[in-house]
Amino acid sequence: MASQTQVIGRAWLFTLLCLSTTLVTVIHAQQKINIFMTYDEDNMLVKQSLDAAISYLEKNTGEGAMVDGKHIYAIPKGNDVEVTVNKSCDLMDEAIDAGKPPHIVLDATTTGMISETIKSFTRALTLPTFSASYGQEGDIREWRKLTPSEEEYLVQLMPPGDIIVQSIRDIVRTQNITNAGIIYDDTFVMEHKYKSLLQNLPCRHIMTRVEATEKEVRRQTKRLKDADIVNYFAVGSGDTISRILDAATANDMFGRKYAWYALSKDNQDIQCGCENASIVYLRPHTSADSRGRIAMLQRDYGLTSTPEIDAVAYFEYFMRGILGAAKMAAAGKYTDFEYLRCEEFSEDNPPVRNDFDLRSALQSVSMTNTWASISWGSNGMSYPDVPLTMDKFKILAGRTAERKTLGEWSAGMPGTLMFKSGQTLSDFQAVTVYRVTTVQQPPFIMKRTNEDGGDEYYGYCIDLINEIKEIINFEYEIAEAPDGKFGTMDDNHEWNGMIKQLIEKRADIALAPLSVMAERENVVDFTVPYYDLVGITILMKKPKVPTSLFKFLTVLEPEVWLCILFAYGFTSVLLYIFDRFSPYSYQNNKERYKDDDEKREFNLKECLWFCMTSLTPQGGGEAPKNLSGRLVAATWWLFGFIIIASYTANLAAFLTVSRLDTPIESLDDLSNQYKVQYAPMNGTSTMTYFERMAYIEKKFYEIWKDMSLNDSMSDIERAKLAVWDYPVSDKYTKMWQSMQEAGLPITFEAVLERVRKSTSSSEGFAYLGDATDIRYQVLTNCDLQIVGEEFSRKPYAIAVQQGSPLKDQFNDAILKLLNQRKLETLKERWWNQNPEKKVCEKDDDQSDGISIENIGGVFIVIFVGIGLACVTLAFEYWWYKHRKGPRVTDSAKVLAVREYPTNDVDKTNFNPEKSDFNTQYNTGEGFDIAPVANPW
């Protein structure tokens with residue numbers, strides 16, 4: 001029994017040992033995985049990562065997997081599709097023939113046609129594939145419409161370089177960036193991002209690979225600057241970023257106008273020779289644990305390739321793929337797995353693989369994540385959650401003057417920008433600064449010296465763009481066009497002025513009273529008009545009507561006045577002589593005329609008075625008694641009547657004609673005379689108008705001539721064209737010829753100088769130009785005038801580069817200002833309330849009558865006459881008071897008046913004879929009272 005018991009015990013012990021040995025074997029057994037790996041031949045980092053992963057699995061048997069068979073296809077750059085398919089089929093057949101068909105295809109190709117070929121190959125043969133190709137959802141064309149079963153074994157995981165560039169999109173969205181320039185190097189794969197990166201964002205962007213040499217990089221950044229890009233993203237290694245920033249410094253691309261962002265897979269700080277630059281720098285965030293694991297992989301497994309984040313990511317990608325396949329093998333998913341050779345594939349009867357969930361196996365792999373965990377989703381939505389740190393670098397004179405951590409970017413689509421307390425990116429926005437070209441033209445654009453001693457522009461257009469600036473939110477720098485012209489095209493189809501600045505992209509906006517013209521619209525874009533229709537009109541010197549207080553004397557020439565004075569004196573003397581020597585005159589025949597009521601002795605004084613008063617409406621009074629004197633008086637009256645009538649008529653005509661001296665009142669009047677020269681300013685729209693009108697007349701003449709001389713026409717048809725007069729006017733042809741002969745002024749100062757040199761309204765120079773320019777000159781100058789009505793009316797508008805988005809933005813702003821009636825306010829401010837407005841004297845209009853300046857002399861005559869009368873009165877008083885001789889001492893007697901008797905009795909006793917003054921009033925004191933005599 002004892003022996004039997006021992007045998008049974010040994011048997012149990014043996015069984016127990018066998019079970020124990022079997023358990024240990026199961027625990028430490030490794031799944032042998034066959035892989036088929038494809039990658040781009042020039043991407044050696046991938047090959048090194050695969051070798052590191054295989055070595056890691058060999059040394060760490062506890063991971064439960066090892067690579068047994070491996071077939072690796074390094075696809076040469078530029079390989080075509082057929083060669084790639086044939087090579088892949090050959091490797092696949094080789095693996096099957098060797099009895100080591102791949103458990104998983106590890107596709108590490110990046111992007112492009114060859115990568116799409118590998119996707120098509122694995123899908124056709126229903127091979128479980130784990131791809132690390134670049135591309136978001138839908139970017140991989142061959143895997144766009146996968147069936148649910150295909151989505152389980154055709155799996156894509158975006159590499160870090162594909163997800164971290166999404167930070168650019170998040171910054172553009174957060175900062176409301178409207179333009180961006182992205183320069184990248186070969187550490188980033190960006191070709192597939194041209195459309196998708198900033199898709200559906202209102203951002204005009206240019207994406208370009210960095211050039212090889214420093215000189216070419218400078219040209220590259222200059223081209224971006226010339227394309228009006230102000231937000232830049234330098235994407236690449238630290239060295240590439242430094243090269244780009246140095247080129248930007250050389251092109252003066254730092255300052256408030258520009259914003260710079262840098263994105264790198266490296267962990268080094270920014271180094272550049274920048275003079276004064278601020279850069280927001282994004283780079284992968286690494287913890288202490290991550291640094292330790294990276295150091296271990298580099299030391300123990302030779303994972304030394306850079307960028308480190310790519311090397312580690314591919315290492316973990318291969319580890320996850322192999323371990324995921326091992327899980328599927330352990331679960332028996334490959335027991336009945338059928339492999340299809342390329343020649344066995346039939347497009348009519350494609351193979352179907354069901355119940356092979358590689359995606360779930362990959363997600364369930366438990367492994368140490370060096371950098372970040374995986375965010376799983378569908379193809380194009382699975383990515384490593386790589387965090388990026390955001391730092392601000394302030395670089396002065398090539399040295400880092402300030403470094404500040406702003407926050408982090410968390411990976412996602414979209415990602416999340418997380419800022420530290422008190423930190424934002426608002427201070428790093430590029431201030432939109434548009435370049436404005438202009439031409440001085442009051443009151444639209446004027447220049448003055450400000451308080452700081454610098455030049456500043458002001459006027460209607462400056463107020464307008466400031467109002468637009470408040471709506472659109474931008475800044476601007478203004479400069480005058482180098483040649484000071486608005487913009488015209490020469491015979492070689494070359495433009496000048498502001499239009500040239502826009503065409504050559506040296507300016508973004510042309511701000512001035514710029515007329516909208518068809519030929520200009522061919523090369524630039526115009527906004528909606530900001531001002532009413534403005535035509536062409538004529539500027540001339542205002543005729544200065546000479547005024548004189550004694551203008552009524554200038555009606556007759558001085559010789560006539562002298563003759564009239566001579567006739568007056570001669571007639572007065574002759575009348576005195578005739579009255580003195582004629583026996584029938586009053587002074588020689590007083591007894592005969594003693595009973596007449598009118599007794600007038602025509603001495604020399606009375607003759608002068610008579611002749612003078614005869615010229616007045618009240619007449620000269622009593623005429624001479626003698627016939628000879630009366631003939632002289634009648635002759636003088638006739639002479640005076642003719643002189644007065646002629647003077648009155650000529651005075652009225654003289655005052656009227658002097659105010660009607662306006663020979664030019666319209667463009668037709670100007671064209672029909674030759675004494676007044678006329679021309680527009682060179683390079684203006686007015687010049688273009690007359691030049692084009694002359695050209696049209698010439699073309700019409702050629703058409704008419706060709707029709708008239710056309711031999712193919714019948715005699716009847718040709719007879720219809722036979723007219724005596726030329727049917728097309730040559731008005732503008734003659735005017736343009738006259739303008740060229742007169743010479744077109746170059747500057748507006750020259751225009752005003754020539755206009756002011758005009759001697760009269762019928763001789764001199766007339767300027768043809770925009771009505772607003774001329775109206776302003778008349779508003780601020782009293783010696784100029786507008787002549788005629790406006791013609792060829794055109795609107796004023798702001799011009800921008802052709803295709804510029806500013807057109808729509810400015811249109812909306814101008815229409816908004818129009819609805820708010822702010823444009824009317826600007827017009828009122830710069831016209832009716834203009835501080836330069838002059839208050840001029842009122843024009844001497846015929847309807848207002850004769851002005852005081854022309855007739856005031858007659859009032860002077862009155863005052864002179866009154867003055868002489870006052871002097872005469874004083875002399876008479878002096879003569880009376882101070883003449884020598886006896887005086888009246890008893891004033892009572894002198895002033896006593898004897899009353900005339902009123903009754904009949906008294907009347908009979910009344911003595912009608914004259915009383916003797918001396919007898920009545922003599923006091924008997926020994927002298928007689930002398931009567932008072934007239935001193936004259």
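Every read-out reported here was derived from the displayed coordinates using simple, explicitly stated rules and does not represent laboratory data. Not measured: the values here are computed from a predicted model. Positions of Cβ are backbone-derived with ideal geometry, glycine not excepted, and every protein chain shown enters the neighbour counts.
Mind giving me the FRET efficiency for Cys782 and Asn603? R0 is 60 Å, r the Cβ-Cβ distance, nearest 0.05 is fine. For R0 = 60 Å, the calculated efficiency reads 0.55. Label-to-label distance, Asp93 versus Glu691, with points set 7 angstrom from Cα along the beta-carbon direction: 7.6 nm.
Of the residues Ser120, Met207, Leu565, the one whose Cα sits farthest towards the positive end of the charge dipole of the chain is Leu565 (charges of +1 on Lys and Arg Cβ, -1 on Asp and Glu Cβ, taken about the Cα centre).
Computing FRET efficiency as 1/(1 + (r/R0)^6) for Glu789 and Ile866, where r is the C-beta to C-beta distance and R0 is 51 Å, gives about 0.50. Shape annotation for region 661-795: C-alpha extents along the principal axes are 63, 32, 25 Å, from largest to smallest.
Once the Cα-Cα distance is subtracted from the 0.36 nm per residue extended length, the Thr306 to Ile644 segment shows a gain of 109.9 nm. Pairs from the list Lys222/Lys265; Lys195/Lys215; Lys675/Lys698; Lys47/Lys77; Lys500/Lys827 with a Cα-Cα gap above 18 Å: Lys222/Lys265; Lys195/Lys215; Lys675/Lys698; Lys500/Lys827. Go ahead and collect, in residue order, the members of region 250-288 whose backbone nitrogen is under 15 Å from a label point 7 Å along the Cα-Cβ direction of Lys222. Residues 250-253 qualify, since their backbone N sits under 15 Å from the label point.
The fewest-to-most ranking of His103, His205, His882, His285 by surrounding Cβ atoms within 10 Å reads His882, His285, His205, His103. For region 141-156, backbone phi angles converted through the Karplus equation (6.51, -1.76, 1.60; θ = phi - 60°) give residue-by-residue couplings of 5, 6, 10, 6, 10, 7, 6, x, 5, 5, 4, 6, 10, 10, 10, 10 Hz, Gly and Pro being listed as x. FRET efficiency for the pair Ala634 and Phe581, taken as 1/(1 + (r/R0)^6) with r the Cβ-Cβ distance and R0 = 22 Å, rounds to 0.70.
Total Lys pairs in region 551-656 closer than 20 Å by alpha-carbon, pairs eight or more apart in sequence or interchain only? Could the numbers behind the result be given before it?
Details: Lys590/Lys599; Lys590/Lys605; Lys590/Lys625; Lys594/Lys625; Lys599/Lys625; Lys605/Lys625.
The number of close lysine pairs in region 551-656 is 6.
How large is ³J(HN,Hα), in whole Hz, for each residue of region 668-684 in order, when computed from phi with the Karplus curve 6.51 cos²θ - 1.76 cosθ + 1.60 and θ = phi - 60°, using x for Gly and Pro? For region 668-684, the Karplus-derived couplings read 5, 4, 5, 6, 8, 10, 10, 6, 9, 6, 8, 5, x, 7, 5, x, 9 Hz, x marking Gly and Pro. Using a simple spin-label model with pseudo-atoms 7 Å out from Cα toward Cβ, Asp427 and Arg448 lie 3.7 nm apart. Distance between the pseudo-spin-label points of Asn473 and Leu396 (7 Å out from Cα toward the beta carbon): 3.0 nm. Stretching the chain fully between Ile503 and Ala874 yields a gain of 124.7 nm (0.36 nm per residue, less the alpha carbon separation). Full extension of the chain between Asp239 and Asn354 gives 36.5 nm of extra length, using 0.36 nm per residue less the Cα-Cα distance. Once backbone amide H atoms are built at 1.01 Å from N, Asp42 has Lys77 as its partners under 5 Å, excluding neighbours fewer than 5 places away on the same chain. Every helix of 4 or more DSSP H residues in the chain counts as -39500 (n - 2.57), and over all residues that averages to -13000 deg cm²/dmol at 222 nm.
Just how large is the dipole of region 610-721 about the Cα centre, in debye to the nearest 20, putting +1 at every Lys and Arg Cβ and -1 at every Asp and Glu Cβ? Display every interim value, and only then the final one.
On the way: 10 positive and 12 negative charges, 133 e Å.
In debye, rounded to 20, region 610-721 gives about 640.
For region 742-793, the convex hull spanned by the alpha carbon atoms encloses 98 Å³ per residue. Under a model in which nothing but the beta-carbon of Lys, Arg (+1) and Asp, Glu (-1) is charged, region 551-656 shows a dipole of about 100 debye around its Cα centre.
Its Cα gyration tensor gives region 403-491 an equivalent ellipsoid; the semi-axes, largest first and in whole Å, are 42, 18, 12.
Among Val555, Val728, the order by Cβ neighbours within 10 angstrom, fewest to most, reads Val728, Val555. With both residues required to sit in the chain, DSSP beta bridges show an antiparallel share near 50%.
Is region 509-617 best put as rounded, prolate or oblate by its Cα gyration tensor, with a ≥ b ≥ c the root eigenvalues, rounded for a/c under 1.5, and otherwise prolate when a/b is larger than b/c, oblate when not?
Working: a/c = 9.55, a/b = 5.69, b/c = 1.68.
Prolate, because a/c is 1.5 or more and a/b exceeds b/c.
Where [x] 59; [y] 70; [z] 65 are the candidate values, the label of the one calculated here for percent of Cα pairs over 38 Å apart is [y].
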